[in-house]
Amino acid sequence: MNSLDALSAQISADPDLLLENYDYDLPAAQIAQNPVVPRDSSRLLVVAANSHQHRQFCDLDQLLQPGDLLVLNNTRVMPARLYGRKTNGTPIEILLIEEQIPNWWMALVKPGKRLKPGARLEFGEDETGQPLLSAMVMSVDDSTGGRLIQFMPPEGESVLSLMSRLGELPLPPYITESQAEPEQYQTVYAEHSGSAAAPTAGLHFTPELLERLKQKGVEQAFVTLHVGVGTFRPVEAENILEHQMHGEWVEVSPETVAKIAATKAQGGRVFAVGTTSVRSLEGAAQLGELRPYCGKTMLYIYPGYQWQVVDGLITNFHLPKSSLLMLVSALIGRERLLELYQTAIEQQYRFYSFGDAMLILPEA
């Protein structure tokens with residue numbers, strides 16, 4: 001049997017490995033364009049063993065138990081969308097993803113815009129008409145299509161310090177008619193700036209709901225994962241095993257590790273808020289036990305994954321054929337997840353970043 005035949009046999013034996021089996025049809029009208037107000041009035045599909053129910057997110061304190069632990073991602077979204085021009089005047093638009101070394105950034109270019117190595121770029125203008133920020137495209141990353149760009153900020157400034165003046169918060173491309181304020185695309189506990197997108201499961205929390213949960217005895221711990229290319233890059237390989245995740249920066253503190261250990265020792269349940277929290281915790285446990293960690297994670301979770309830390313999950317509804325859909329499938333099974341998605345579509349749930357949420361209980 002040659003390698004192609006072996007691949008076909010592998011896929012035939014396990015439909016969970018076939019990309020097309022993670023597809024579904026979503027009416028465009030159900031792609032949420034704006035967040036609900038208040039945040040916790042969004043709908044919540046609660047998934048338990050062989051059952052589900054329709055609730056509101058503000059009911060979360062009724063659904064979790066004293067001794068449970070919520071793990072939340074406290075990353076803060078950067079105003080990372082920059083509009084500028086080439087030195088010949090051609091307008092360009094880029095999304096800054098990650099700083100590689102000081103003032104050297106990996107960036108994604110708006111589709112249809114061409115930026116070759118050597119291209120010189122300018123952003124903003126000072127009072128004399130000179131650019132506030134200059135840059136040069138250094139190379140192309142073939143695996144992502146991104147560009148490595150060297151920025152040359154004025155003395156005493158950095159790209160990060162200029163972002164607040166030059167950049168915009170980068171809403172996803174499927175949000176085309178939003179009237180959302182910038183802070184509505186940040187969690188209420190956002191702290192550490194560095195993310196190119198919001199950890200959207202956390203957008204549903206209000207300070208009041210977090211306080212009610214705390215009063216009930218539901219503990220809270222934090223991780224930091226800055227969303228980058230690993231989340232943006234779509235899965236394209238027919239066999240999902242061939243997909244390569246890109247690293248995203250993560251920090252899991254000793255305090256969070258200690259809280260998780262105490263929760264499990266006392267019989268409590270660990271709920272990750274969002275797939276980014278999942279990747280943070282499970283990525284930090286890849287040596288067999290959860291340890292404090294600071295660095296990149298390239299963890300790719302799909303059906304068959306052996307869970308180390310996470311018991312339950314709060315998550316939004318994800319795009320078809322995405323690695324995030326595969327991650328959630330690893331928790332409750334692909335076929336059941338797609339059945340639940342179909343139920344959510346029929347019940348007019350709102351999908352994606354500003355949409356509604358799911359609570360997946362451990363016994364599901």
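Using the 10 angstrom Cβ neighbour count as an exposure proxy, how do Ser134, Ser158 rank, fewest first?
Least to most surrounded, the residues fall as Ser158, Ser134.
From most to least packed by mean Cβ count within 10 Å, the peptides 273-280, 212-219, 20-27 give 273-280, 212-219, 20-27.
Counted by neighbouring Cβ atoms within 10 Å, the residues Ile97, Ile92 run from fewest to most as Ile92, Ile97.
If a/c stays under 1.5 just call it rounded; otherwise compare a/b with b/c (prolate if a/b is bigger, oblate if not). Do that for the range 122-242, with a ≥ b ≥ c from the square roots of the Cα gyration tensor eigenvalues. Note, shape of the range 122-242 comes out oblate. Residue order for His192, His204, His226, fewest other beta carbons within 10 angstrom first, comes to His192, His226, His204. Per-residue Karplus couplings for the range 235-249, computed as 6.51 cos²θ - 1.76 cosθ + 1.60 with θ equal to phi - 60°, are listed in order as 7, 10, 6, 4, 8, 5, 5, 8, 6, 10, 7, 9, x, 10, 6 Hz, Gly and Pro entered as x. Shown here for the range 325-364: GluC sites (Glu not before Pro) in loop regions (DSSP other than H, G, I, E, B) with at most 12 other Cβ atoms within 10 Å, namely Glu363.
When you restrict to C-alpha pairs under 8 Å that are six or more residues apart and normalise by the size of the chain, the relative contact order lands at 24 percent.
From helices alone, the chain scores -6500 deg cm²/dmol at 222 nm; the rule is -39500 (n - 2.57) for each run of n ≥ 4 DSSP H residues, then divide by the residue total. The trypsin sites (Lys or Arg not before Pro) of the range 60-138 that DSSP puts in a loop, and whose beta carbon has at most 14 other beta carbons within 10 Å, are Lys113, Arg114. The chymotrypsin sites (Phe, Trp or Tyr not before Pro) of the range 163-258 include none that DSSP puts in a loop with a beta carbon having at most 11 other beta carbons within 10 Å.
A short reminder: the numbers here are calculations on the coordinates, not readings from a lab. Since the structure is predicted, the reported quantities are computational estimates derived from the model, not experimental observations. Cβ: placed from backbone, ideal geometry, glycine included. Neighbour counts: every protein chain shown.
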